[in-house]
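Just below is one structure, and these are the notes that go with it.
The values are calculated or read from the model by the stated rules, or taken from the named source; none is laboratory data. Given the structure is predicted, the values throughout are model-derived calculations rather than measurements. Methodologically, a virtual Cβ is constructed for each residue, glycine included, from the backbone with ideal geometry; neighbour enumeration extends over all protein chains shown.
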Amino acid sequence: MTSNRHKQTDDDAVLDAARDCVLAVGVRRTTLTDIARRAGVSRMTLYRRWPDVRTIVGDLMTREWTALAVEASETAGPPEAGPVRERLVHHLAEGVRTFRAHPLLRKIVDVDPELLLPYVLDRRGASQRAFLATLESALRAGHADGSVRPGDPVRQARALLLIAQSFALSVPTMADDDHPAEAFDAELREILERTLRP
C-alpha cells in the first residue's frame with residue numbers, strides 16, 4: 001500500500017512538472033529532460049513509466065480533465081438536491097465552462113492544437129471513456145427517477161459528450177462582442193434540458 005502511494009506521489013510530481021513545462025513553452029518545445037529536471041528525477045525514471053513527452057501529456061490531460069469533471073459533479077449537489085436531469089444539466093454546463101477556460105486546454109489550443117485532433121476525429125481517450133461512464137450512470141439514475149427521457153443510456157451518453165465537446169472546443173470560434181461565451185453557455189443548458197426532458 002505504501003509503495004502504491006509513493007508511486008502515485010512520484011507520478012503526480014512528474015505530471016505537475018509536465019504541466020508547468022507545457023504551460024511555459026507548449027508540448028512541442030517540452031522535452032523529457034525538461035520534465036525530469038523540474039520533477040527532480042532522472043530521465044531513466046521517466047522512461048520506465050512513459051516512452052515520450054506525448055504519453056506524459058496524455059496522462060496529464062486525463063488527470064486534469066477528470067478532476068474538472070469531479071469538481072463540476074460536486075457543484076451539482078447530492079441526490080436530495082433535485083431530479084437527476086437538473087443536476088446533470090448543471091454538471092455538464094459547468095464542466096464545459098470550466099474546461100473551456102482551463103489554462104492547459106487554452107495553451108494546447110493556442111500552441112499545439114493537433115494534439116486534440118485524435119480525440120475529436122479518430123478515437124476515444126481515457127478522459128472521454130471516464131466521462132461516458134459517469135454520464136451513463138447518471139442517465140440510468142435519471143431514467144429511474146423519471147426526470148430523463150427513456151432511451152439507450154450508452155447512446156444518450158455519447159450524444160451528450162458530442163454536444164459538450166463541441167461547446168467546450170468551438171465556442172471561441174463563434175463568440176464575439178454581441179454573442180459572448182456566456183450566452184452560448186445558456187444555450188447549452190437549454191439544449192441539454194430539451195434533449196433530456198421526458
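If residue 168 satisfies all but one of (1) buried (at least 17 other Cβ atoms within 10 Å of the Cβ); (2) closer than 28 Å to residue 19 by Cβ; (3) without any contact (Cβ under 8 Å) to a residue 60 or more places away in the chain; (4) aliphatic (A, V, I, L, M), what's the number of the condition it fails?
(3)
Can you tell me which residue in the range 106-153 is modelled with the highest pLDDT, limited to those that are in a loop (DSSP other than H, G, I, E, B) and closer than 14 Å to residue 169 by Cα?
Among those that are in a loop (DSSP other than H, G, I, E, B) and closer than 14 Å to residue 169 by Cα, it is 112.
Can you name the residue in the range 71-84 that is closer than 18 Å to residue 139 by Cβ and surrounded by 12 or more Cβ atoms within 10 Å (Cβ to Cβ) and, of all such residues, is modelled with the lowest pLDDT?
This residue is 76.
Sort out which residues of the range 154-172 are of a type outside the set (Phe, Trp, Tyr) and either within 14 Å of the chain's Cα centre (by Cα) or not in a helix (DSSP H, G or I) (or both), and write them in order of number. Steps first, please.
Taking the range 154-172 and keeping what is of a type outside the set (Phe, Trp, Tyr), we get 154-166, 168-172.
Selection gives 160, 161, 162, 163, 164, 165, 166, 168, 169.
In the range 1-42, which residues are part of a helix (DSSP H, G or I), more than 16 Å from residue 60 (Cβ to Cβ) and either aliphatic (A, V, I, L, M) or at pLDDT 90 or above (or both)?
Passing the criteria: 33, 37.
Would you mind stating whether residue 85 is out of contact with any strand residue (DSSP E or B) (no Cβ under 7 Å at 6 or more places or on another chain), part of a loop (DSSP other than H, G, I, E, B), of a type in the set (Lys, Arg) and closer than 14 Å to residue 193 by Cβ?
Details: out of contact with any strand residue (DSSP E or B) (no Cβ under 7 Å at 6 or more places or on another chain): yes; part of a loop (DSSP other than H, G, I, E, B): no; of a type in the set (Lys, Arg): yes; closer than 14 Å to residue 193 by Cβ: yes.
No, not satisfied.
If you scan the range 173-198, which residues turn out to be more than 28 Å from residue 115 (Cβ to Cβ) and assigned to a helix (DSSP H, G or I)?
Residues satisfying the conditions are 183, 186, 189, 190, 193, 194, 195, 196.
Return a yes/no flag: does the range 53-65 have any residue that is modelled with pLDDT of 90 or more, touching a Phe, Trp or Tyr at 6+ places or on another chain (Cβ under 8 Å) and more than 30 Å from residue 188 (Cβ to Cβ).
Checked against the condition, which is being modelled with pLDDT of 90 or more, touching a Phe, Trp or Tyr at 6+ places or on another chain (Cβ under 8 Å) and more than 30 Å from residue 188 (Cβ to Cβ), the range 53-65 yields at least one hit.
Return only the number of the condition from (1) among the hydrophobic types (A, V, I, L, M, F, W, C); (2) in contact with a Gly (Cβ under 9 Å, 6 or more places away or on another chain); (3) surrounded by 19 or more Cβ atoms within 10 Å (Cβ to Cβ) that residue 99 does not satisfy.
Among (1) among the hydrophobic types (A, V, I, L, M, F, W, C); (2) in contact with a Gly (Cβ under 9 Å, 6 or more places away or on another chain); (3) surrounded by 19 or more Cβ atoms within 10 Å (Cβ to Cβ), residue 99 violates only (2).
For every residue, the table says whether it meets (1) surrounded by 14 or more Cβ atoms within 10 Å (Cβ to Cβ); (2) under 19 Å from residue 67 (Cβ atoms).
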{"residue": "91", "(1), (2)": "yes, yes"}
{"residue": "94", "(1), (2)": "yes, yes"}
{"residue": "112", "(1), (2)": "yes, no"}
{"residue": "121", "(1), (2)": "no, no"}
{"residue": "125", "(1), (2)": "yes, yes"}
{"residue": "144", "(1), (2)": "no, no"}
